[in-house]
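Heads up, the thing below is written out as structure tokens.
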Amino acid sequence: MKKIINEMKLRLPAVGVNEAVARSCICAFVAELNPTVEELGDLRLAVSEAVTNCIVHAYRDSLPTDRNANIYISVRLYDSREVSVEISDNGCGIEDVAKAREPMYTSTVGCERCGMGFLVMESFMDSLSVKSTPGKGTTVLMRKIFKP
Amino acid sequence: MTEDVIISEKDGRLTAALKCELDHCSAKRIREKIDPAVFMYRPETLVLDFTDVHFMDSSGIGLIIGRTEVAAEVGAAVRLVGLSDGLMKLVRLSGIEKISGLAVTR
Ligand SMILES: Nc1ncnc2c1ncn2[C@@H]1O[C@H](COP(=O)(O)OP(=O)(O)O)[C@@H](O)[C@H]1O
Ligand SMILES: [Mg+2]
């Protein structure tokens with residue numbers, strides 16, 4: 001049985017500056033597992049995509065001043081050199097998750113999104129699950145196992 | 001605040017040297033600086049220099065595709081230079097190297 005060796009929870013307002021904040025916090029937190037530069041780069045990228053989606057899509061209909069537009073992040077480290085990252089929002093949710101996950105699908109127009117977010121999370125992490133309820137929000141759960 | 005992008009022009013080459021982490025938040029600011037310069041100088045080549053970019057997510061890919069379209073409006077081609085191994089990994093996944101009017105020279 002794998003054991004949890006450390007755990008972190010973050011709540012950040014869904015605003016642009018927190019893309020970089022979330023990336024830095026998570027990368028600092030996993031440092032004790034001594035990931036390689038490439039593993040850390042993969043994780044940083046996947047986190048950036050998930051957090052950006054909360055900011056760009058989840059709260060697209062709320063005002064920038066909405067105090068309830070938050071990103072909830074929960075990170076766990078296991079003694080098996082595994083990291084799990086759960087990133088959720090209480091935003092608009094996704095009607096059709098399978099379609100949203102298709103490479104190059106984006107629901108946006110004119111803001112230069114290229115629809116690669118889920119593809120990146122899937123390609124650069126070891127597993128990805130996406131759960132969403134329209135009107136309630138979205139939870140993305142990703143795992144990565146660092147090499148021994 | 002330090003500049004996100006430094007723009008210079010010489011002999012029909014417009015160079016945008018990017019100086020920050022490239023995500024959704026910074027991409028918007030950067031394109032607002034590059035696009036007016038493209039229309040002002042109407043260069044033959046727009047060089048996007050990634051030498052000082054230590055992180056980029058898919059917003060950067062969107063930025064590159066968008067600049068290729070803007071450059072095409074004035075007949076310019078886009079060249080990417082200075083991409084690190086980390087950035088190349090994302091560039092390869094995106095397949096943007098196949099877009100016409102876009103060249104990747106590391
Ligand atoms: N947290 C979220 N809340 C609501 N919709 C989302 C969320 N994450 C992703 N989506 C939807 O899934 C689509 C695909 O996401 P993604 O692959 O990251 O591409 P992009 O962000 O470039 O549009 C988005 O265009 C959006 O419609
Ligand atoms: Mg996205």
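Shape analysis of the stretch A:2-58 based on the Cα gyration tensor places the equivalent ellipsoid semi-axes at 22, 14, 9 Å, largest first.
From the alpha carbon centroid of the stretch A:88-109 to that of the stretch B:55-102 is 24 Å.
Size of the dipole of chain B about the Cα centre, Lys and Arg at +1 and Asp and Glu at -1 on the beta carbon, nothing else charged, in debye to 20?
Working: 14 positive and 16 negative charges, 40 e Å.
So the magnitude is around 200 debye.
All Cα-Cα separations within the protein assembly as shown were binned at 5 Å from zero, giving a P(r) of 1, 6, 13, 17, 18, 15, 12, 9, 5, 2, 1, 0, 0, each value a whole percent of the pairs. With N as its number of residues, the stretch A:4-145 has a Cα radius of gyration that, divided by 2.2 N^0.38 Å, comes to 1.01.
Among beta bridges identified by DSSP and lying wholly in the protein assembly as shown, the antiparallel ones come to about 75 percent. A dipole drawn for the protein assembly as shown from +1 and -1 charges on Cβ atoms has a positive end, and of A:Ala46, B:Ala77, A:Val75 the residue lying farthest that way is A:Val75. Normalised by the number of residues in chain B, the mean separation of alpha-carbon contacts (under 8 Å, six or more apart) gives a relative contact order of 26 percent. Taking 8 Å as the Cα distance limit and 6 or more residues as the minimum spacing, I'd like the relative contact order of the stretch A:4-145 as a percentage. 28 percent.
Most mobile of B:Arg29, B:Arg13, B:Arg67 per a Gaussian network model of chain B (Cα springs, under 10 Å)? Per the Cα network of chain B with a 10 Å cutoff, B:Arg29 tops the list. All Cα-Cα separations within the stretch A:62-148 were binned at 10 Å from zero, giving a P(r) of 16, 40, 33, 10, 1, each value a whole percent of the pairs. Counting only Cα atoms, the size of chain B along its three principal axes is 36, 31, 20 Å, in decreasing order. Between A:Glu122, A:Glu86, A:Glu102, the residue with the greatest mean-square fluctuation in the GNM of chain A (Cα pairs under 10 Å linked by springs) is A:Glu102. Note on chain B: antiparallel DSSP beta bridges, both residues inside, total approximately 30 percent of the bridges counted.
Candidate cross-link partners of A:Lys2 among the lysines, defined by an alpha-carbon separation under 19 Å and a same-chain spacing of 8 or more, comprise A:Lys144, A:Lys147. Counted as membrane-span-like here are DSSP H helices of chain B whose alpha-carbon atoms extend 15 Å or more along the helix's own axis and whose Kyte-Doolittle mean is -0.5 or above; these are B:24-41, B:58-73.
Read-outs throughout are calculated quantities, based only on the coordinates presented, and are distinct from any laboratory measurement. Just so you know, these numbers come straight off a predicted model, no measurement behind them. Ideal geometry is used to build each Cβ from the backbone, glycine not excepted, and the neighbour counts take in all protein chains shown.
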